[in-house]
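Here's the structure we're looking at; comments come further down.
The values are calculated or read from the model by the stated rules, or taken from the named source; none is laboratory data. Owing to the predicted nature of the structure, the values given are computational and were not obtained by experimental measurement. So basically every Cβ, Gly included, is an ideal-geometry build from the backbone, and we count neighbours across all protein chains shown. These accessible areas exclude ligands, DNA and RNA; they are computed on the full protein's heavy atoms, side chains included. Shrake-Rupley method; radii C 1.70, N 1.55, O 1.52, S 1.80 Å.
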Amino acid sequence: RATMKSLRFISAEAFVSNAEFARRSLSAVAYDLFPLLFKASYLLEQGEVIHDLVENWPLFDFNMGKLLGATLDYQEDLSHRTCSVCLESCLTGLRDYVLNHSSPYIKKLKVVDLTGIRDVEVQLCKCKKTMGRWARTQLLSKLCLELLVYLQQAQCNPGIFEMSINVLIDLFVTDRNYELVVQALLKKCCCPLKICCVAFRSDNLTLQKFFYIIKLTDPSLLRKLEIVHNVHLEIEHLEILFNSIHFPLLMSLTLPARTFNVRRFTATDEQMLTNIGEKMGEMTQLTELSMSFSILTGRIQKLLSPLKTPLKMLDVSNCSLNHADMAYLANSFHANHLEALDLSGHDIPELYPSTFFKLLSHSSSVLRSLTLEDCNIQDTHVNMLILGLSPCQKLQDFKFIGNPLSSQALKHLFTFLCELPMLKNVEFPVPRDCYPIGITYPIDDASLCRFDHQKYESVAEELNLILLQANREDVKASTPLFGSYDAAVQETNNELGAYLIKSFKETLEKFTTSFNKMS
């Protein structure tokens, strides 16, 4: 659907479409038109104009989310366009803002906020080349260091050294960009552009490197911390992290797989878990917690009961929860506030059907996202599921791939899903009858793609027709066999793959050495 543009926006597009003319004329432009021209330039991917607008920015702040978001002149939100041409022009323009002392505008800029940029799967920009979070981290760090080198070598305007611009960014650090980011953070005090880390994600880092860089980010400002792939953080390291670093503003915490494993717990580990729960209780802003692929059987209450603020997002997928854990969740003060819940990897119908539905009923007035992948939901459970989902009128995302449901059951479920007014995204399983008879669930990776693709396409078409006939073209239905899109993994998958191969090779070498010793 075409979005309406005001006459002002159409004029701004016409102005920036001739890059040479626009750049020549910028000095005559009223400063309050800069945001309008910026969005028009971003839409048309006019990199040179974007660079010059930022280099001469006449306002106190530069907030990417607000500048690209819906405005009165143009309602479309462009903040999910991570166009490489546009973002590189922005960041180099920022560096040149510091260096340019011949600008006709007084330098007022104090805050640059890059946190409003959203990485999505489908990019609409013409260049089709994106700059993800990792690349933005890399480029900003590089530009800050280049700026310092230039300031040390050249005869600069003394006013440059008095300049101080806070650049708010979501950093993404892996082993490959670690050294560069560390250098930029170490020299932050000398640089006019001050990197302010609001969210931090780390993948593929040794614990030593992780602990070193997390202290450099200024944890007192951190709102989101994601420790994800190949950071071997276990319970004792997490206790050290929380004992040595204070996170007063932390709102969202993601821990790597296998952080906790209660099957191996000693009395010391139990005490550590209690301490970790208490430390999380001191994080009064914490409302989002992800602990997938840890073994937490019977310990959910110990971890979550010290929290003073109710959780809005909880991911405990594949955490081997038992009935006591589910009963605690259903009756806790968190239940009424959960907007996003992931219980994947638990046999819900077998283990705790009534407790799960109690939890669902308590969160139904606010629940926006529900993920129940590999939960052994079968045809006989569909009516009960429909009953449980009926009050969830705010549900936008429902993901249930990996469940043994037939084509018929899926059609029945989709007919109901059409009635959920806010629903936008559904991830459904390949129907059981598309797989060979006798397939066992959960399906292993080797068998995942061995289904009748033609039959699946036919069923998917029927399901989309159900949506279409109910006037629900706004709902996107898909079957991502290997999980939902993850922008961070997509951007760094080469490094991730290389790391996994290296780990496999080292394990193989250790095994061979041990085997040879035995021989």
To the nearest Å², the heavy-atom accessible area per residue of region 351-422 with 1.4 Å probe amounts to 39 Å²
Residue farthest toward the positive end of the dipole of the chain, with Cβ of Lys/Arg at +1 and Asp/Glu at -1: which of TYR42, ILE235, CYS127?
TYR42
Straight-line reach check, LYS194, cutoff 19 Å on alpha carbons, 8 or more apart in-chain or any other chain, hits among aspartates and glutamates -> GLU55, ASP61, GLU88, ASP96, ASP113, GLU146, GLU162, ASP170, GLU179, ASP218
In terms of modelled amide H atoms, which long-range or inter-chain residues lie less than 5 Å from the amide H of LEU78?
GLY69
Pairwise FRET efficiency - ARG450 versus GLU236, Cβ, R0 = 35 Å, nearest 0.05:
0.25
Restricting to Cα atoms and excluding each atom paired with itself, what does the Kirkwood estimate give for the chain in Å?
25.9 Å
About its Cα centre, the chain carries a charge dipole, from +1 on Lys and Arg Cβ atoms and -1 on Asp and Glu Cβ atoms, whose size in debye to the nearest 20 is 960 debye
Per the 1/(1 + (r/R0)^6) rule, R0 = 30 Å and r from the Cβ atoms of ASP61 and ARG118, FRET efficiency to 0.05 is 0.95
Helix 407-417 versus the longest principal axis of the chain: what angle, 0 to 90°, nearest 10, using Cα atoms?
50 degrees
Of the chymotrypsin sites (Phe, Trp or Tyr not before Pro) in region 419-489, those whose Cβ has at most 13 other Cβ within 10 Å and which sit in DSSP loop
PHE482, TYR485
Return one number: the angle in degrees, 0 to 90 and rounded to the nearest 10, between the long axis of the Cα atoms of helix 353-363 and the longest principal axis of the Cα atoms of the chain.
30 degrees
Carbon and sulfur atoms account, in whole percent of the 1.4 Å probe accessible area of region 353-460, for 55 percent
What are the principal axis extents of the Cα atoms in region 262-308, in Å, biggest first?
31, 21, 12
So if a site counts as exposed when it's one of the GluC sites (Glu not before Pro), its DSSP state isn't H, G, I, E or B, and it has at most 12 other Cβ atoms within 10 Å, what's the longest stretch of the chain without one?
122-472
Of the accessible area of region 101-221, computed with a 1.4 Å probe and all protein chains kept, carbon and sulfur make up a percent value of 56 percent
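Given axes a ≥ b ≥ c from the Cα gyration tensor, I'd like to know whether region 89-218 is rounded (a/c under 1.5), prolate (a/b larger than b/c) or oblate.
Oblate.
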Bins of 10 Å from zero: percent of alpha-carbon pairs in region 214-317
15, 53, 30, 2
List the equivalent ellipsoid semi-axes of region 340-406 in whole Å, largest first, each obtained as the square root of 5λ for an eigenvalue λ of the Cα gyration tensor.
18, 13, 11
Can you grab the distance from the C-alpha centre of region 316-366 to the C-alpha centre of region 266-308, Å, no decimals?
17 Å
Name the residue from LEU289, GLY93, ILE160 whose Cα lies farthest towards the positive end of the charge dipole of the chain, charges +1 on Cβ of Lys and Arg and -1 on Cβ of Asp and Glu.
ILE160
Report the semi-axes of the equivalent ellipsoid for region 8-78 in whole Å, largest first, where each axis is √(5λ) for an eigenvalue λ of the Cα gyration tensor.
17, 14, 11
Taking 7 Å along the Cα-to-C-beta vector as the label spot, tell me the ARG8-HIS101 distance in nanometres, rounded to one decimal.
3.6 nm
Quick P(r) readout (region 104-144; Cα-Cα; 5 Å bins; whole %) gives 5, 15, 19, 22, 16, 11, 9, 2, 0
Of LYS39/LYS128; LYS39/LYS215; LYS108/LYS128; LYS39/LYS394, pairs whose Cα-Cα distance is over 29 Å:
LYS39/LYS215; LYS108/LYS128; LYS39/LYS394
Mind checking the angle between helix 487-518 and the chain's longest principal axis? C-alpha axes, 0 to 90 degrees, to the nearest 10.
60 degrees
When you have a sec, figure out the Kirkwood radius of region 171-246 from all distinct Cα pair distances and drop it here in Å to one decimal?
12.8 Å
